[in-house]
Structure formats: C-alpha cells, structure tokens
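A.B. asks: This structure is in structure tokens; I'll ask about it shortly.
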Amino acid sequence: MTAPDTGIDVTQLLLAWNTGETDARDQLMMVVYEELRRIAGGQLAGEKQGHTLQTTALVNEAYLRLVDQTRVHWRNRAHFFGIAAQLMRRILVDHARRRYAAKRGGGVTLLEFEDSITPRSKRGVDLVVLDDILTRLESFDADAARLVELRYFGGLTIEETAEVLGSSPATVKREWATARAWMHRELTRGPKT
Amino acid sequence: MSQDRWSQVKALFQQALERDGAERSEFIRGVTGDDTTLRYELESLLSSHDEAGTFLSNPPGAAAAEVLQLDDDAPLTGKRVGPYRVLRRVGRGGTGSVYLAVRDDEEFQQRVALKVIRRGMATEEMLNRFRSERQILASIDHPNIARLLDGGSTEDGLPYFVMEYIEGESIHHYCDNNRLSLKARIELFRTVCDAVQVAHQNLIVHRDLKPGNILVTSDGKAKLLDFGIAKLLNPELNADAHDPTMLELRVMTPEYASPEQMQGRAVTTASDVYSLGVLLYELLTGHRPYSVSNLPLHEMEVLVSTVEPPLPSEIVGQSAEEPGRDGGVREITPESVAQGRQASPDRLSRDLVGDLDNIVRKALRKEAPRRYSSVERLSDDLGNHLEGRPVLARPDTLGYRASKFLGRHRVPTAMAATALVFGVLLTATIFLQSRRVAAERDRATQQALRAEAVSDFLQDVLAAADPIEGMGRDVSVLASVEEAVPRIAATFVGQPELEGAVRHTIGRTFGRLGRFDEAEEQLRLALTTRRQLFGTDHPDIADTLNALGEVRYDLGDLDGAERLYDESLAMRQRVFGEPSAEVAASLDNLGNVYQDRFDTAEAERAYRGALEMRRAVFGTDHREIASSLNNVATVLHDREQLEAAEQLYRESLAISKNALGDRHPEVATSLNNLAVLLHDEGKYTEAEPAYRESLDISRDRLGDMHPDLVVSLVNFAMLLRELDRNDEAEELLLQSLAISESTWGPDGVPLGTAQRNLGDLALASGDPAGALAWFEQAIEIFSRKLPTDDVDLVFAQADKGRALIALGDHAAGEECLVVAYNSFLQSYGEEDSDVIEFAGWLADLYDAWDRPVLAASFRAVHEGAAKARPAELVGTP
C-alpha cells in the first residue's frame, strides 16, 4: 500500500524500521505528515467529509490508508501510531508556541494564524504547558508518556492502544489513569519544574 | 522524580485505586507509614484522579486537522527570507517546500528557487537529509543541473538554500508540446544522461529520476532538479555517515523505480540507468513500460521484477488510457503518438524496431548488472544509433547466448586459451581441461548469483569482442578487459563485495589470456578487498588464493602455486570442512602441481582424495565424479598405464553421458581425452570416431566458431597427420586458425600458434615455402606479444630455420636455428630435450651444407655426448 503522492510504501518503511533502518523513521514522518495533511484537507475525492474527523481519529484513518495490514506485526503498528501521535503532538504544540510568540511580539514570526482556529472552550487545555509536562513525564516514565501521546494526540481508544502496545486493555487503563492523574496534578499546580 | 520512586508511587497508586473510601485510606496509611512525602504523593494523585473529569479525554483531532491545513496553506509567501523576498510556492518536496523568490536588494532582480525545510519536519535526521541535498548540489556544476546559489537559515533557525530558478516544463510535456521527432527527443535525453553521469562521477545517485524532476527551459535546455532523496555513495562525504551498503528504502515514484528499489535492495548507479530507461521509453513511445499506479505495492513489485514490458516498437501500435492532469482520462492512440513525433504510426514503429528496442531493453534489464554499466554507456549507445554505428545492446536471444558463452563456457574457453599459449606444438593439451573444470564448477555453484552479476558486467565489456555479437569489430577480449579495469573502481563504489568479485573474475580472465602480471595485480587487489571485507577466513578469500595459485601454476612457478593452493586448501577445510566440494577442488589443483613435478604418486593421492571426497558429497553418478575419474586417469596415462587409464576414461565418459546427456559439452571433453589416449595406444581406428564425436557435439552445442573446438581440432589433426591424411589435417587446422583469430584477435598469440601448426603440417607435406610463410606470420605475432626467450617464439624460430633449410637457404636457416639453440641452451641447459633436438637439426644442416666438423660436433650433442659440444659456437648468430 502506497502513499498516493509520494509512492512511498509505508508498510515497507515499518518493516525496515523494525530491522534497524535509521532512515526509515524520518521518511515515515514525512509520509505520515503528508497523509495527515491530505486527510485534514479533505482532498480525497469522493471521501466522507467533515464529520469524519470528529468520529475517527486522524491517525487511525492515516493508518488504514497507508499500511497494508496483512503484512505488519503488532510492533510495526506501534511504530506507526507512535510516529503519528508524536507528529501530531509536534504539529499542535509547535503551532501553539508560534501563536504565543506572535502575541508576545517577540521577533519575526514565520507564520501567522487566525486567533480562533478552535474556540478556546473546546481547546480545553494549553498545549504548550501540556507539552512541557509530558516532556517531564517522559524523563522518568517514557512508556507512560508514549501512552499519553497515543491516547491524546493519536486519539486511540483504550482498546486500540492496548492492541498497538501489545498489552491488555486493563493494564492500559490503569497506566492511563495514573499518567492522567499525574499530569492533571502537575497542570493544576502550574507549569513549574 | 527518580524512576525508582515513581515505580513505587505508581504501583501503590494503582493498588489504592482498586480500593474505596475507608479501605483506601487504611491502605495508604499502611503502606506509607512514616513517609509523609509518599503519602502526600499518593493522596494528591488520587484526588487529582478524582478531579480530572474529561481531562485529556477529547483528543484534539479537529484542531489538529485545522492546524494541518493551515500549515499547508500559510506558506512563506510575501515574507523575506535572508535577502530574498518570497513570491509564491511552486512545489513541495519530501523534506521541504520550494518557493519562487527574488533577491530584491539588488538592482537586477534575480529570480531564484528557495527551498526551506518543512516546519513540522525539522528533526535531526531531516535536517541532515536537507543539508545533504545542499551539499550534493554544491558539489556539482553542470549546465544541465540546477545550480546552488546560496544558503542560510531563516530567522527561526530553519535551514534553506537557494537554487537557480528553472522556468520550464517537464521533459515529456516539452517534447509533446513541441512535437519533437525521435531524433530530437534522443538528443535531448542524452543531455539528461550527461547530467546524471556527472552526478555519478561525483558519487551521487539521484534515485528519483522522473519527468517531473527534469525540466526543459524555453530555449530547449534540460535541467535536472531535486536531489532530495539522492544518495551520496562516498561515506566520507555523507553527513549522516550511513553505512553505504545498507538497504535502501523505497522512496521513489513507483513508475520509475527499478526492481531493486521496489524490493528495497541496495540502490546503485544502475538504478538511475533503469529510471532513465523508463524515461526514454516514455519519451520514445508516449507510454510507460508498466502501468502500475493503481496496483498495490506488492503486485507492482512482482510485475516490475518479473514481467518484460512490451518493446517500444510494439507498444506504439497500441492504444491506452491514462489519467490526465485535469482528473479526466487521456487516450493515447498509435496516431496521436506518431503525430506527436512527426511520423506516421508505421514509420514510428519501424524507427523503433531493432536498435532502439534493444537499447531500451538493455537499460530496463531486471538484473542491475545486465543493464548498461554506466549512464555514459547508455548515452554512447544512443549516439551509436543516431550515427548509424552498431549498438552494444543486442536482442534478448543473442544476449542470452552471449551470457551463456561467458558464464558456462567461459571456463573451457579459458582452458583452450591457456593450452594454446603454453601448450607445446601438436601435443595433447587436454589434461588441464577437465581438471580445472571441476574446480571452476565448484566456484560457479557456490557463487552462481554473483558470478552472473559479474559476468554480466563483463559481457558488456566483452560484447565487442564476441565473434557472434561483435559485428566484426576489431577488438580483442584482452583489449576489452584492459578497458574494463580502470572502470571497476568507479562502477562498484561502495560495493566492495562486487568489486572483489569483478577483480577476481577479471584477474582470472587475464590469467587465461596469458597476461599474468595483470592477472596477479587484479587478484591481489581482489584479495585485499575481500580480506578487508571478510576478515581472515572466508570462501571468497579462499577462492582468490586459489586463483592466484592458478596464475603461479600457469607461470610454471610450482612452488608458489603449491603454497597458495595449500593456504586455500587449509582455509576451505576450516570453512567448509570435509568432505566438501571446495576442498576436493583444492586437492585437484594440488594434484596438478604434483603431476607437473612428475610426482605421480603424490598426484594420484591428491586426485584420489578428491575423488573419494566427491563420492561422499555427490554419490557415485555425478559429473564431479566423472571429472575426478578423469584426473586419476591422466596420472595413469602419464605413467603409461594405458589400459588402466583407458578404463577410467571410459568410466568417466559413461558417467558424464549419464549425468549430463550424450550431447553435453563436457561429454565432448571426455571423448577428446579418451581419443588422445587411444591415439597414444595406437588404436587409431577407435581414436578417430571418438575425435569426430567430440567435435560433432562441440559444434552442435557450441557452434562452429567456439574456442572450445580448438584443442580437439588440433589433436585430431595430429592423428590425421600421423595417418598421412594431411589434407584433412590441414582443413581442421584452418578451422582452428579461424576460431583463434576471431576469438583472440589478429594479434593474439593463439593465432600465432595456429599458424605455427599449419606451417609444421606444410613442412611435413613437402611445402617448405608455404611453411615459411606460416612461420613468419607466427613469429611476427610472437615477437610483438612475447618475451624474446619465450618457448613459442623460440620454437617458431627453429621452425623457420627448418623451412629455410628445406628451401636450400642454409645460411638463413643456420641463423634461425642457432638463435633457437642458444636460447634454450641458456634457459634449460645442455640436457634439455629440445636443445638435443635442435642440435640434431643443426647437424643435418651442416651435413647438407658440407661442414663435417660442425656436423660432427652437433651430432655428438644430439646423441648425448654433451661434453663434445662445440663451445665456441655459443654466442655466434
């Protein structure tokens, strides 16, 4: 299965990554980014539009589009979703940071956005702060941080996350509750280190 | 927080979660004890858990989607980057976006292309890749490659670089829009080849050659763009310092991807040759070789790796539909294609048939080494076509034959060459043959795949010298191989394994052609390469040691050969163990050394050792057994145990026929050996049909002009000569002459040997004038190609002397004979059998010339009274 524009075989990249290809990771990011963008842009002729994004997570859709499910091992799926979730995190946080910078008037910004992409009430959480907290969690519990990435930025359900990680839903649920509790506590304490 | 502490907190937190109310409080008190910090941790986490509500439960999918779209739709347009003002986005590559920009701090507003890494992509790896592309562009300066002008970082630290802005259209649209003729298309395509070749010379593989990356400007100049996924072959230049042998990933457009790229195997310059082949196909025919765009990847892969595309001349007669750029369907018909090339459909097809079909097919070979060995060669061949010269590319059937010639028959061919160069005139030169064949075959089995790759590289080189394929070109095998040597390093950069294999093979080829210095040089280089690659013990290292041993053996350096064979044998014993085919092959080669030392006992021991080992490996009824039986037979043959030898030869022959069929070339070899033995036994009536059968099989299976025929032709001629059937003998020798000339060229030593054989026959037939002419031709070749004391040259001079004497020119004859006599006397001493024979000829001369004193002196030498040798003659002409 091939990314339509680039001709890159994502399945192959995943398999290659599994065998230790150093190049595979950044190429994966490239393709996944491209596909996410296409899905987001609703550029897929004849595809369901609009509501799709609310019901199905972007990365899930990208996965179905990009990966030949008959050829990959669960570990490959974990790689894929890990990459995609990380990518989403970077895109969102980066965007939020730039908006901050623009408001502060610090330096020339490369890109400017409308201030109301998403209503503040719906956005719910300050992504820049959340990113800092997640980075701290990563420093002592990398697995938990990945889980948060998958669940939150990747939009996976408990069951999907369990499948991707090769774990049980019960374990994922416990770990998720723990990480979420910790992050919530840190968030409400304010962004200190 | 430390990881240990966190693990503890986490475990307790999760256990606490399973409890409610009072039970939970009690649990916490119990597990925390006096540790108030721990208690606070747990309690704060638990209350945070209870308060979290929907925290993190609404993934920001919609927001992300909006951001993604914004990211795409909010480019640098209108902004300044360094001294450049960005006008608009013109494209998006893998790692970044390309903008049209102007440098607006100058009077003259220069339009440039500005490439910036994509924001979301700025990982360390991506930055490396991006820098690598910049570095690649900086290292090439070619009119057909977009030039790098500048580079820097944007204000927020993203790297960018600035290239020449190419205003143009992609090459296939340009050709179609301007209705370029085939010739004009080929000429334009060749400028693209130039650009790619320059990249290759800079050790850069483009990896993504397709029309979209090749623009043509309004003044008709092609420009190669986008080295975004190009690969630097030289690791020292590579910022990432990737292992150059690592598997490449499939990152290119599938329609233009080579089979190796589709399969994720190593990508080399040959992959660019393939992609250029696809491009050429498309430019010539308006079709692509495969329509793969809608297939799942693994089907694409199978298709491209196994199915031959239609020939260009065929596809232009067909109609097809392809998706147009506007989303609709575009129909391609024979008429539309021909019209776009200013030709009629018939005419177009006729113009493509033959050369262009063959050239495209050679570029599109599925096995990389069978393609053109470089882009330059592809371009040169197109040049050949345009200028009406014969092209290198050949139809598939003939290519197949050529490959067979070089693959399977390369070995016996070489045997014939070695035999001819070193064989003594008209003596049975057969034994080497099947002894070596066995060793060769082991190698061939072991390395079948790689051997094919290497022989395909060589096939390209040798095509010009092949009598069938070479279209009369006056190029010898030797010249071709010599030409190949300087290309090895560049062709196989970053592929030490293939480089080692090619040098190994070329070294062996030099060896067979009698160029032992070059042979040793290449084999030593192969040995060094392989040792660096494989360390101490490896089958390939053992092979090269063995090949070096063969060169020393051919040079007559039996001690040197033995040392190398021993080293190879020991390594093979370690690597393969016993019994094994490889160890048996080494034993065979050692047997050859012992046999040449006349140590028949040791030789027999080695050969029989190999035979037993092969029986253990292959069973009783295998070609290897036939070969071993043959070797043992040669020892018995040497010992004049003719009956025993005959029995073994017959046994060997029966197994060969059984294992390979009655008409196999190896059966021909077996028959030849048996015939020589029968000949030696004086069983002429049995020998003749054996020779005839052997020749008949060889001609049938290999063709009339195959070098393998030479040995049997000469042997059979010798028999006929003994039977006084000189006319028949001459006919055979003339055939051997024709084969030698077409195989080894008009300057080749084998041709001189054939001429000498004919001279010898003419002399025996009472035609000294004819003989003299043959000998003089042979001497002309030998004196150009061989050192002055070479055995063949000395013999030819003695022969010439005999012819002159027969013609009554005593003085000239004397001069020749004395030169030959002195040469051998100095090299081999007075008891050498040839010195003694020459002395006899000189005695006859002086008798006929009425110089009785000299005659008596030489007669004495001839008859073994060496002490009576007339010392004063030494040194006189």
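The values are calculated or read from the model by the stated rules, or taken from the named source; none is laboratory data. Every value quoted in this text rests on a predicted model; they were computed, and no experiment measured them. Note that each Cβ is placed from the backbone with ideal geometry, even for glycine, and that neighbours are counted across all protein chains shown. In case anyone asks, the SASA skips ligands and DNA or RNA and just uses the protein heavy atoms, side chains included. Shrake-Rupley method; radii C 1.70, N 1.55, O 1.52, S 1.80 Å.
A.B. asks: Name the residues in segment B:135-159 that are within 14 Å of residue B:113 (Cα to Cα) and not in a strand (DSSP E or B), would you?
C.D. replies: B:137, B:146, B:147
A.B. asks: What pairs come out if I take residues in segment B:198-213 that are open to solvent by less than 10 Å² (accessible area, probe 1.4 Å) and pair them with residues that are aromatic (Phe, Trp, Tyr) and part of a loop (DSSP other than H, G, I, E, B) whose C-beta lies under 8 Å away, six or more apart or interchain?
C.D. replies: As it stands, the answer is B:199/B:227; B:204/B:227; B:206/B:227, since those pairs meet every condition given.
A.B. asks: Which members of segment B:68-87 meet the condition of being at pLDDT 70 or above and either on the phi < 0 side of the Ramachandran plot or within 52 Å of the chain's Cα centre (by Cα) (or both)?
C.D. replies: Quick first cut of segment B:68-87, residues at pLDDT 70 or above only: B:68, B:76-87.
Those that are at pLDDT 70 or above and either on the phi < 0 side of the Ramachandran plot or within 52 Å of the chain's Cα centre (by Cα) (or both): B:68, B:76, B:77, B:79, B:80, B:81, B:82, B:83, B:84, B:85, B:86, B:87.
A.B. asks: Against the conditions (1) at pLDDT below 90; (2) surrounded by fewer than 21 Cβ atoms within 10 Å (Cβ to Cβ); (3) within 19 Å of residue B:711 (Cα to Cα), where does residue B:659 fall short? Just the number, please.
C.D. replies: Residue B:659 satisfies every listed condition except (3).
A.B. asks: Pick out the one residue from B:627, B:652 that is modelled with pLDDT under 90 and out of contact with any Cys (no Cβ under 8 Å at 6 or more places or on another chain).
C.D. replies: It is B:627.
A.B. asks: Continuing with the same structure: Only one residue in B:316, B:292 is at pLDDT 90 or above, of a type in the set (A, V, I, L, M, F, W, C) and farther than 16 Å from residue B:196 by Cβ. Which one? Working first, answer last.
C.D. replies: On the way: B:292 fails: at pLDDT 90 or above.
The conditions single out B:316.
A.B. asks: For residue B:537, state whether it is farther than 29 Å from residue B:790 by Cα, charged (D, E, K, R) and not in a helix (DSSP H, G or I).
C.D. replies: yes
A.B. asks: OK, next. Scan segment B:837-852 for residues that are more than 48 Å from the chain's Cα centre (by Cα) and either more than 12 Å from residue B:802 (Cα to Cα) or open to solvent by less than 40 Å² (accessible area, probe 1.4 Å) (or both) and jot them down. Break it down into steps so the answer makes sense when it comes.
C.D. replies: Filtering segment B:837-852 for residues more than 48 Å from the chain's Cα centre (by Cα) gives B:839-852.
Within segment B:837-852, B:839, B:840, B:842, B:843, B:845, B:846, B:847, B:848, B:849, B:850, B:851, B:852 qualify.
A.B. asks: Within segment A:145-171, how many residues turn out to be within 12 Å of chain B (Cβ to nearest Cβ) and either crowded, with 23+ Cβ neighbours inside 10 Å or in contact (Cβ under 8 Å) with a residue 40 or more places away in the chain (or both)?
C.D. replies: Summing the residues that are within 12 Å of chain B (Cβ to nearest Cβ) and either crowded, with 23+ Cβ neighbours inside 10 Å or in contact (Cβ under 8 Å) with a residue 40 or more places away in the chain (or both) in segment A:145-171 gives 12.
A.B. asks: When you go through B:812, B:806, B:839 one by one, which is the residue that is over 21 Å from residue B:556 (Cβ atoms), touching a residue at least 40 places away in the same chain (Cβ under 8 Å) and not charged (D, E, K, R)?
C.D. replies: Values: B:812 fails: touching a residue at least 40 places away in the same chain (Cβ under 8 Å); B:839 fails: touching a residue at least 40 places away in the same chain (Cβ under 8 Å).
On inspection, the qualifying residue turns out to be B:806.
A.B. asks: Look through segment B:326-373, keep the residues that are basic (Lys, Arg) and not in a loop (DSSP other than H, G, I, E, B), and return whichever of them is most open to solvent (accessible area, probe 1.4 Å).
C.D. replies: Pass one, segment B:326-373, residues basic (Lys, Arg): B:330, B:341, B:347, B:350, B:361-362, B:365-366, B:370-371.
Applying the additional criterion that residues be not in a loop (DSSP other than H, G, I, E, B) yields B:330, B:347, B:350, B:361-362, B:370.
Working: B:330: 111, B:347: 115, B:350: 155, B:361: 57, B:362: 14, B:370: 42 Å².
Restricting to residues being basic (Lys, Arg) and not in a loop (DSSP other than H, G, I, E, B), the top hit is B:350.
A.B. asks: Quick check on my filter: what residues within segment B:697-708 are surrounded by 15 or more Cβ atoms within 10 Å (Cβ to Cβ) and without any contact (Cβ under 8 Å) to a residue 60 or more places away in the chain?
C.D. replies: Scanning segment B:697-708 gives B:697, B:698, B:699, B:701.
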